[in-house]
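Novice: Here it is: the structure, laid out below.
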Amino acid sequence: MIYADNAATTKMSDAAYNRMTELMRDTYGNPSSLYSVGQKAKEVLEEAREDVASVINANPREIYFTSGGSEADNQAIRSAAVLGAKKGKKHIISTAFEHHAVLHTLRALEKEGFEVTLLDVHEDGLVRPNELKEAIRDDTALVTVMYANNEIGTVQPIREIGKICRDKGVLFHTDAVQAIGHIPIDVEADNIDMLSASGHKFKGPKGAGFLYVKKGIRLTNLIEGGAQERGKRAGTENVPAISAMALALKDAVANMDSNAKSIVKKRDRLIQGLGEIEHSALNGDASLRLPGNVNYCFEGIEGESLLLLLDDKGIMASSGSACTSGSLDPSHVLLAIGRVHDVAHGSLRLSINEETSDEDVEYIIKSVKEVVEYLRGFSPIWRDLQSGKKAFIL
Ligand SMILES: *Cc1c(COP(=O)(O)O)cnc(C)c1O
């Protein structure tokens, strides 16, 4: 079996798994309790905060643990909206290909009277900083642009975007869930005010993430209750998961450079090999993308059938299309970069990591070639394309 869907979630590292299970068994105290097993849990929690902070060049007091990326996105954007509204600023800038945790929060805010501008991400899957500059208004409360896209892997010019926001005095949030642990991030150098992260995208557990909030920015509570997380996120902390996440992140960053080198080589071999399939196209810029991300469109096929047949061959991948989650709409990300519906339906996302071997890569290329050819063999769209009744787009 080849797991090539690390952008959806990762298998926990052995170290994170061991840390989590040991803490669940032995360090069961409530961090708010005064006796020793509670205080031990508190220590573990604060150590995790220090570790996470140091990885992104932040202060531990700027880290708020959450249940994951979605919660962090919601809390960051809602907080910025509340702060903006107080000053009469009700305009938010984002992009058309954000994760739904961002897009749906923005949609909810629109219903509450906010105005949202979504920047174009162009064919290469990249935001143009000068277009952001032009979109910023006097009443702009927040700019939220993802660090790297979860479907096509493109890495945005975050430092430049952050600089523009800083110069204009606008808050800048980035959903860094796909990027952190995979490419270097420094909240100071990158001019980031708020950043979302999630443990299960870098070999930590599901259900643990964090929000970085620069000192001086006031968070709004999503969850009311006790005084945990400086009163900003109530609920007894999931200490085992938080600690395992911090460990997974430290390990990911420690091994990042060496891992990235080997992963990029395999990624580029996949891009080249799959490019040999006729009427196919890589989605997103070929080099300004995450080390492990490959996303292709193949004309004349359905992504879902491709996935099912690859699964039969022992390859676990994703179409990057919402079809897999029960909707027939093609991916909003692929539409945002200008792919038409028919083409967007025939997409494949492979997200590999350092455990993907060279043999795996060759097997994936061979299998995708076979399956695409097989599916085209009885695709009515492919027949129309072949006969000239329909024009090829790719
Ligand atoms: C996975 C993901 C999320 C959601 O994170 P959860 O921890 O699953 O809530 C948000 N944004 C991006 C870009 C993601 O890839």
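Novice: Give the order of M24, M194 when sorted by the count of other beta carbons within 10 angstrom, beginning with the fewest.
Specialist: The most exposed by this proxy come first: M24, M194.
Novice: How large are Rg and Dmax for segment 344-394 when calculated on the C-alpha trace, in angstrom?
Specialist: Here Rg and the maximum Cα pair distance are 14.6, 44 Å.
Novice: Can you give me the angle between helix 14-26 and the longest principal axis of the chain, using Cα atoms only, in degrees from 0 to 90, rounded to the nearest 10?
Specialist: It is inclined by approximately 40 degrees.
Novice: To the nearest Å, what is the center-to-center distance of segment 217-240 and segment 170-202, using C-alpha atoms only?
Specialist: 20 Å
Novice: Separate question: Per residue of segment 36-53, what does 6.51 cos²θ - 1.76 cosθ + 1.60 with θ = phi - 60° give for ³J(HN,Hα)? Whole Hz please, x for Gly and Pro, Karplus curve as stated.
Specialist: 5, 6, x, 5, 5, 4, 4, 4, 4, 4, 6, 5, 4, 5, 5, 5, 5, 4
Novice: Something else: Please sort 255-261, 204-210 by packing, taking for each peptide the average over its residues of neighbouring beta carbons within 10 angstrom, highest first. Could the numbers behind the result be given before it?
Specialist: Values: 255-261: 13.4, 204-210: 24.9.
By packing density, highest mean first, the sequence is 204-210, 255-261.
Novice: Taking the alpha-carbon distance from K86 and a cut-off under 25 Å, which lysines remain once sequence neighbours fewer than 8 residues away in the same chain are dropped?
Specialist: K86 reaches K111, K133, K163, K168, K214, K215, K232.
Novice: Quick one: helix 303-312 against the long Cα principal axis of the chain, what's the angle to the nearest 10°, folded into 0 to 90?
Specialist: 90 degrees
Novice: Between E359 and V264, what is 0.36 nm times their sequence separation minus the Cα-Cα distance? Round to one decimal in nm.
Specialist: 32.7 nm
Novice: Next up: So how far, in whole Å, is the C-alpha centre of segment 330-352 from the one of segment 262-321?
Specialist: Comparing the Cα centres of segment 330-352 and segment 262-321, I get a distance of 11 Å.
Novice: Can you say what percent of the DSSP beta bridges in the chain, counting only those with both residues inside, are antiparallel? Round to 5.
Specialist: Rounded to the nearest five, the antiparallel share is 55 percent.
Novice: Now for a separate question. Where does each of V187, V333 land when they are ranked from fewest to most other beta-carbon atoms within 10 angstrom?
Specialist: Result, fewest neighbours first: V187, V333.
Novice: Take the chain, connect every pair of alpha-carbon atoms lying under 10 Å apart with a spring to form a Gaussian network, then pick out the residue of K266, K133, K89 with the largest mean-square fluctuation.
Specialist: K133
Novice: Just to confirm the number: angle between the C-alpha axis of helix 239-254 and the first principal axis of the chain, 0 to 90 degrees, nearest 10?
Specialist: 60 degrees
Novice: Along each of the three principal axes of the Cα atoms of the chain, give the extent in whole Å, ordering the values from largest to smallest.
Specialist: Principal axes ranked by extent give 74, 51, 35 Å for the Cα atoms.
Novice: So, with +1 on the Cβ of K and R and -1 on the Cβ of D and E, and no other charges, what is the size of the charge dipole of segment 22-175 about its Cα centre, to the nearest 20 debye? Walk me through the intermediate numbers first.
Specialist: Values: 19 positive and 25 negative charges, 135 e Å.
I would put it at about 640 debye.
Novice: Sorting check: for 176-184, 49-57, 272-280, 224-232, which peptide has the highest mean count of neighbouring beta carbons within 10 Å, and how do the rest follow?
Specialist: The peptides rank, most packed first, as 176-184, 49-57, 272-280, 224-232.
Novice: Let me ask another. Label-point separation (nm) for K163 and L118, each offset 7 Å from Cα along Cα-to-Cβ?
Specialist: Reported label-point gap for K163 and L118 is 2.9 nm.
Novice: In which sequence would K366, K203 go, from the one with the fewest C-beta neighbours within 10 Å to the one with the most? Let's see the in-between values first.
Specialist: Numbers: K366 12, K203 25.
Result, fewest neighbours first: K366, K203.
A short reminder: the numbers here are calculations on the coordinates, not readings from a lab. Because the structure is predicted, anything quoted here is derived from the model rather than measured. In this analysis, Cβ positions are derived from the backbone assuming ideal geometry, glycine residues included, and neighbour counts consider all displayed protein chains.
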